[in-house]
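Novice: One structure, as structure tokens, below. Some questions next.
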Amino acid sequence: MSLVADTKVPSSPPHDCPGGCGREVPHRKLSCPDCWWLLPVELRKAVTHGTNRLTAVGEAARWLRENVAEVQAASTPAPTLRITIADPFGGAPHGGRRG
Ligand SMILES: [Zn+2]
């Protein structure tokens with residue numbers, strides 16, 4: 001048997017923010033600050049001062065996923081859809097269709 005004296009491995013690793021912003025959040029926090037302030041005030045109060053905080057945390061995380069993460073995913077166009085329009089007014093002729 002050997003006693004492990006040097007336990008540097010954190011027992012509570014960070015997790016992804018439930019708001020879908022892609023940030024890592026410390027285990028003890030529900031979300032990043034930006035997403036936290038998007039929560040309805042009653043949910044925030046329940047998390048910080050509620051009598052059943054575990055339930056409140058679950059509710060708040062679910063709210064963020066449903067109201068922030070999915071909305072962001074739906075409203076953000078895929079970056080590959082960006083097309084550069086090259087010189088629409090003239091420039092070098094490019095594959096003309098004339099006769
Ligand atoms: Zn976030």
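The values are calculated or read from the model by the stated rules, or taken from the named source; none is laboratory data. All figures in this text were calculated on a predicted structure; none of them were measured in a lab. Reconstructed Cβ throughout: ideal geometry from the backbone, glycine too, with neighbour counts over all protein chains shown.
Novice: Check the range 86-95 and report whether any residue there is surrounded by 10 or more Cβ atoms within 10 Å (Cβ to Cβ) and modelled with pLDDT under 95. Explain how you work it out, then say what you get.
Specialist: Of all residues in the range 86-95, those surrounded by 10 or more Cβ atoms within 10 Å (Cβ to Cβ) come to none.
Checking the range 86-95: not a single residue is surrounded by 10 or more Cβ atoms within 10 Å (Cβ to Cβ) and modelled with pLDDT under 95.
Novice: Within the range 25-67, restricting attention to residues that are surrounded by fewer than 19 Cβ atoms within 10 Å (Cβ to Cβ) and polar (S, T, N, Q), which residue is farthest from the ligand (Cβ to nearest atom)?
Specialist: The residue in question is Thr51.
Novice: On to the next question. Do any residues in the range 13-30 that are under 18 Å from Ala56 (Cβ atoms) have Cβ atoms under 7 Å from those of residues that are more than 10 Å from the ligand (Cβ to nearest atom) and outside any loop (DSSP other than H, G, I, E, B), where the two are at least six apart or on different chains, and which pairs are they?
Specialist: Pro18/Ala61; Pro18/Arg65; Val25/His15; His27/His15; Leu30/Val47; Leu30/Val57; Leu30/Ala60; Leu30/Ala61
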